[in-house]
Every structure is written in C-alpha cells, then in structure tokens.
Amino acid sequence: MKPVLYCATTNAAKVKEFRAALEAHYDVRQLPDIDGIPPPEETGATFEENAALKAVYYSGFRGDPVFADDSGLEVDALGGAPGVYSARFAGEHANDADNNRLVLERMAGALDRTARFVCVIALAHQGKVTGSFRGVVEGVLLEEPRGPHGFGYDPLFHYPPFGCSFGEAELARKGEVSHRGQALRALRDHLDKLAAV
C-alpha cells in the first residue's frame with residue numbers, strides 16, 4: 001500500500017497534475033474538508049513565501065505532512081508580472097480566460113515575448129516547513145491561446161522544444177518538463193530519501 005500524501009489545494013487541475021507526477025510512489029489526496037476551510041490570505045511577495053504560508057496554515061488541520069504550491073507566470077516585458085498574482089491578475093474573482101485576456105492586452109505590440117512558469121512547493125508538518133522545492137520552465141508568449149489542454153496560462157505559453165503550447169501538449173508530456181513537474185519530482189525525491197533512512 002502506497003503512503004498517503006495530502007495536498008492543500010481546491011484546484012482540481014492541480015490535483016490531477018500532482019497525482020500524475022506522484023501516483024507511482026504516493027496516494028495523493030486533497031486535504032479532507034478543504035472546501036470548508038477558509039483559505040489563508042496570500043500576503044507573500046514571492047512564490048516561496050506564499051507556498052510556505054499555505055502549507056503551514058493547512059498543516060494545522062492535519063497531523064500528517066501537507067504540501068501546497070504557489071505558481072505562476074512571469075513575463076519579462078511586464079516586469080515579471082503577473083507573478084504571484086497570476087491566479088487573480090484580472091481581479092479577485094477572475095477566471096483563466098479573464099487572466100489570459102488581460103495578459104494579451106498588456107502585451108499588445110511587445111517584441112520581447114519571453115516568459116517563464118515558476119512553481120514552488122512547500123511541505124509542512126504541524127505548522128513548520130520541512131522542505132521547499134522550486135521548478136522553472138522557459139518559453140515564449142503566443143499572441144492567442146492555443147490548445148484544449150492544461151489550465152491557467154498554458155494555452156498562451158509556447159514551449160520551443162515541443163513546438164507547441166502547453167495547452168496543446170498532453171498532460172504526461174507537459175509534466176516531463178513543466179515547472180510543476182520539476183518541483184513535484186524534487187518533492188518526491190526528498191520524501192523517498194526520508195523514507196529510506
């Protein structure tokens with residue numbers, strides 16, 4: 001039987017990616033009753049700070065280790081925006097389409113379209129961070145969304161080695177190179193080493 005690992009997110013698409021990356025080793029489950037837990041205010045200035053505060057907060061509701069991620073898109077021509085505000089770039093209740101639209105509006109006429117996805121996963125146990133894992137993938141912003149897969153800014157993010165957007169790439173293929181895939185593998189390696197001790 002695989003050990004259970006709890007994730008602190010209400011984002012179903014993220015849970016799917018977590019499970020795809022970790023299911024060979026761990027039984028990844030959402031924190032029980034997470035939908036009924038008021039989310040913490042994400043006051044951090046960096047992905048590391050926000051991931052840590054979420055992991056610490058949610059670990060207080062469970063005796064087991066809990067991990068949380070903070071991730072987003074950094075666009076060079078926008079000074080690194082939307083960054084930590086990626087999920088709410090177009091407003092607190094914005095959806096993916098709203099956020100994508102605003103990024104494209106801000107990028108109108110921009111020649112430099114370099115961008116990157118960043119993901120930081122923090123692992124916490126009983127209110128203390130026990131590990132932090134970072135992944136980064138470089139790409140180029142398209143001028144319009146492409147592809148039915150993924151979520152967030154995936155349809156706008158062109159990954160040159162694939163010759164397509166993350167929205168056009170299948171989940172398993174994307175996971176091999178994505179920011180979240182990198183961070184999840186680092187988390188898995190960390191947990192495997194602890195289990196081997």
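The values are calculated or read from the model by the stated rules, or taken from the named source; none is laboratory data. Note that the structure is predicted; figures quoted are calculated from it, not measured. Glycine gets a Cβ as well: all are built from the backbone with ideal geometry, and neighbour counts include every protein chain shown. In case anyone asks, the SASA skips ligands and DNA or RNA and just uses the protein heavy atoms, side chains included. Shrake-Rupley method; radii C 1.70, N 1.55, O 1.52, S 1.80 Å.
Only one of the listed residues (59, 71) is touching a Gly at 6+ places or on another chain (Cβ under 7 Å) and either of a type in the set (Ser, Thr, Tyr) or crowded, with 18+ Cβ neighbours inside 10 Å (or both). That residue is 59. Could you tell me whether residue 4 is surrounded by 19 or more Cβ atoms within 10 Å (Cβ to Cβ) and over 30 Å from residue 105 (Cβ atoms)? The answer is no for residue 4.
Tell me, please, whether a residue that is of a type outside the set (Gly, Ala, Ser), part of a loop (DSSP other than H, G, I, E, B), within 19 Å of residue 195 (Cβ to Cβ) and open to solvent by 70 Å² or more (accessible area, probe 1.4 Å) can be found in segment 7-16. No; the residues of segment 7-16 include none that is of a type outside the set (Gly, Ala, Ser), part of a loop (DSSP other than H, G, I, E, B), within 19 Å of residue 195 (Cβ to Cβ) and open to solvent by 70 Å² or more (accessible area, probe 1.4 Å).
Cβ separations smaller than 9 Å between residues 6+ apart or across chains give the following pairs from segment 99-126 residues that are of a type in the set (Lys, Arg) to residues that are part of a helix (DSSP H, G or I) and open to solvent by less than 70 Å² (accessible area, probe 1.4 Å): 106/77; 106/78; 113/76; 113/77; 116/76; 116/179.
Just one of the listed residues (95, 99) is open to solvent by 30 Å² or more (accessible area, probe 1.4 Å) and within 16 Å of the chain's Cα centre (by Cα), namely 95.
The set of residues from segment 135-188 being touching a Leu at 6+ places or on another chain (Cβ under 7 Å) and aliphatic (A, V, I, L, M) comprises 141, 142, 156, 184, 187.
On the given criteria, is residue 108 open to solvent by 70 Å² or more (accessible area, probe 1.4 Å), out of contact with any Cys (no Cβ under 7 Å at 6 or more places or on another chain) and more than 17 Å from residue 75 (Cα to Cα)?
Details: open to solvent by 70 Å² or more (accessible area, probe 1.4 Å): yes; out of contact with any Cys (no Cβ under 7 Å at 6 or more places or on another chain): yes; more than 17 Å from residue 75 (Cα to Cα): no.
For residue 108, the condition - open to solvent by 70 Å² or more (accessible area, probe 1.4 Å), out of contact with any Cys (no Cβ under 7 Å at 6 or more places or on another chain) and more than 17 Å from residue 75 (Cα to Cα) - is not met.
Restricting the first member to segment 142-169 and to residues that are modelled with pLDDT of 95 or more, and the second to residues that are among the basic types (Lys, Arg) and buried (at least 22 other Cβ atoms within 10 Å of the Cβ), the beta-carbon pairs closer than 8 Å and six or more apart or on different chains are 154/174; 166/174. Condition check for residue 94 on (1) touching a residue at least 12 places away in the same chain (Cβ under 8 Å); (2) in contact with a helix residue (DSSP H, G or I) (Cβ under 7 Å, 6 or more places away or on another chain): one failure, at (1).
Restricted to segment 17-56, and to residues there that are open to solvent by 30 Å² or more (accessible area, probe 1.4 Å), over 28 Å from residue 193 (Cα atoms) and of a type in the set (Gly, Ala, Ser), the residue that is modelled with the lowest pLDDT is 36.
Restricting segment 172-197 to residues that are loosely packed, with under 12 Cβ neighbours inside 10 Å and touching a residue at least 40 places away in the same chain (Cβ under 8 Å), which is nearest to residue 161 (Cα to Cα)? Among those residues, the one meeting the criterion is 172. Inspect segment 19-42 for any residue being part of a helix (DSSP H, G or I), touching a residue at least 40 places away in the same chain (Cβ under 8 Å) and touching a strand residue (DSSP E or B) at 6+ places or on another chain (Cβ under 7 Å) and give the result as yes or no. Within segment 19-42, one or more residues are part of a helix (DSSP H, G or I), touching a residue at least 40 places away in the same chain (Cβ under 8 Å) and touching a strand residue (DSSP E or B) at 6+ places or on another chain (Cβ under 7 Å).
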